[in-house]
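Notes to accompany the following structure.
What follows is calculated from the coordinates using simple rules that are stated; it is not laboratory data. Since the structure is predicted, the reported quantities are computational estimates derived from the model, not experimental observations. Here Cβ is always computed from backbone atoms with ideal geometry, including for glycine, and neighbour counts include all displayed protein chains.
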Amino acid sequence: MATLSDARRVVVKIGSALLVDRKTGALREDWLKSLAQDVAAIKARGTDVILVSSGSIALGRGVLNLSQTDLALEQSQAAAAVGQIRLARAYEEALAPHGLLTAQVLVTLEDSRDRRRYLNSRATMETLLSLGAIPIVNENDTVATDEIRYGDNDRLAAQVAVTVGADQLILLSDVDGFYSANPAQDASAHRFDIIDDITPEIEAMAGDAGSGLSKGGMKTKLMAAKTAVAAGCAMAITEGSPHNPLSALENGAPATWFTPQLDPQAARKRWIAAMKPAGEITIDAGAARALQSGKSLLPAGIRAVSGRFGRGDAVAILDPEKRKIGQGLTRYTSSEASAIKGCQSADIETILGYPGRAALIHRDDMAF
């Protein structure tokens, strides 16, 4: 069974009901400070941490004296605009005493559906993590409409975990795991400690009940689990309302762990390898050797470009004898790749007229 102490990169989802007192609409500052203590302890041992946090609408509507239920879309977006500032500031003030920097990342469903946006999001968060920051991710409720919404932060957190290649996803919930039935209604309901396979029987056990401020029920958590484990990420559901909930999880607090069959890197490579390539990149012998040793593909090693593809599309990688040696997700369009083939990375801006990424295909976006 996975344990939080084993994590290399962890995504933690925090719901509105944990952050905001549902009676007063005020931030639960002491709870947030305790969470910051946990995050600092996890960071201190070298683990990357990303927080996916609800709460902007819940905080904003209190400030704007709006109803606690049944907000119109424009009211929700106005509340989000006000609440996002307060939410970001709350995390900054909670984490700063531990010497931790925070970064706000606002996303919509389109950012993961569109491959170019997906790659941009991935690159941004990878950079933030490499610089030691804690990304605070939230759905961009200020601009999102129903057609481009995740609708709940359980699934958003799972998608973030996939995007950043996390090996663990922790859903801090108002229940301490996944039960065979709703424990508030069925005294015979039992909690699963480990779920290795999400069967139709397991899916039938999921209910719809959510707390007053959050939209996520157990069905959305199960959907998140399916997304996470398919990408090689273990997922836990545990109760988040007590102080120091992550420390409690490490020390054996009740939880349900969903186990993946692959690690995140292997799952991502399999996904890339299964994609239909939109074009081909032929490279020289030096670049082929560099790729085999784990390097990224730079423009200097490219001999020829064929096909029509956009940023984020899969392309086949061919050696000088035109044999396919792998494929990857390109960071340039086919016309851009043709223009910069054979050139040094430092010359990309001069050729294209705007700055670009040094690698045409990053090593993390390749499969062999």
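Return P(r) of region 1-153 (all Cα-Cα pairs; 10 Å bins starting at 0; whole %; ordered from short to long distances). Per 10 Å bin, starting at zero, the Cα-Cα P(r) for region 1-153 comes out as 11, 39, 35, 15, 1 percent. For the chain, a Gaussian network of Cα nodes joined below 10 Å ranks 351, 14, 195 by mean-square fluctuation, and the top entry is 351.
Return the FRET efficiency for the residue pair residue 346, residue 262: r is the Cβ-Cβ distance, R0 is 41 Å, and the value is rounded to the nearest 0.05. It would help to have the intermediate numbers written out before the result.
Values: r = 38 Å, r/R0 = 0.92.
For R0 = 41 Å, the calculated efficiency reads 0.65.
Quick one: order 152, 284 by neighbouring beta-carbon count within 10 Å, fewest to most.
On the way: 152 22, 284 15.
If I rank by nearby Cβ atoms, fewest first, I get 284, 152.
Cut-off 10 angstrom, C-alpha nodes, Gaussian network model of the chain. Which of 242, 200, 254 fluctuates the most? Comparing 242, 200, 254 in the GNM, the peak value goes to 200. GNM remark for the chain: springs join alpha carbons under 10 Å apart, and the peak mean-square fluctuation among 177, 353, 252 falls on 353.
Whole-Hz Karplus values for region 134-140 come out as 9, x, 10, 9, 8, 5, 7 Hz, taken residue by residue from phi with 6.51 cos²θ - 1.76 cosθ + 1.60 and θ = phi - 60°; glycine and proline positions read x.
Nearest 5 percent is fine: what portion of the DSSP beta bridges confined to the chain is antiparallel?
Values: 20 of 52 bridges.
Once the DSSP bridges in the chain are tallied, antiparallel ones form about 40 percent.
Summing +1 for each Lys or Arg and -1 for each Asp or Glu, what net charge is found among the other residues whose Cβ lies under 10 Å from the Cβ of residue 8? After counting each charged neighbour, the total is -3. Placing +1 on the Cβ of every Lys and Arg and -1 on the Cβ of every Asp and Glu, with nothing else charged, gives the chain a dipole about its Cα centre of roughly 1200 debye.
Tell me the volume per residue, in Å³, of the convex hull enclosing the alpha carbons of the chain.
On the way: hull volume 55.6 nm³, N = 368.
Normalising the Cα hull of the chain by residue number yields 151 Å³.
This ranking places 368, 309, 258, 192 by how few other beta-carbon atoms lie within 10 Å of each, fewest first, which gives 368, 192, 309, 258. Put simply, the Cα atoms of region 286-348 extend 25, 24, 19 Å along their principal axes, the longest span coming first. Quick one: net charge of residue 273's neighbours, Cβ under 12 Å, K/R +1, D/E -1? The answer is +4. The count of lysine pairs in region 4-263 that are at least 8 places apart or cross chains, and whose C-alpha atoms lie under 24 Å apart, stands at 11.
Each Lys and Arg contributes +1 and each Asp and Glu -1, all at the Cβ; summed about the Cα centre of region 275-367, the dipole is approximately 200 debye. Scattering from the C-alpha atoms of region 1-75 alone, worked out with Debye: what is log10 I(q)/I(0) at q = 0.18, 0.19 1/Å? Debye output, listed in q order: -0.78, -0.82. Each of 332, 118 has some number of other Cβ atoms within 10 Å of its Cβ, and from fewest to most they run 118, 332.
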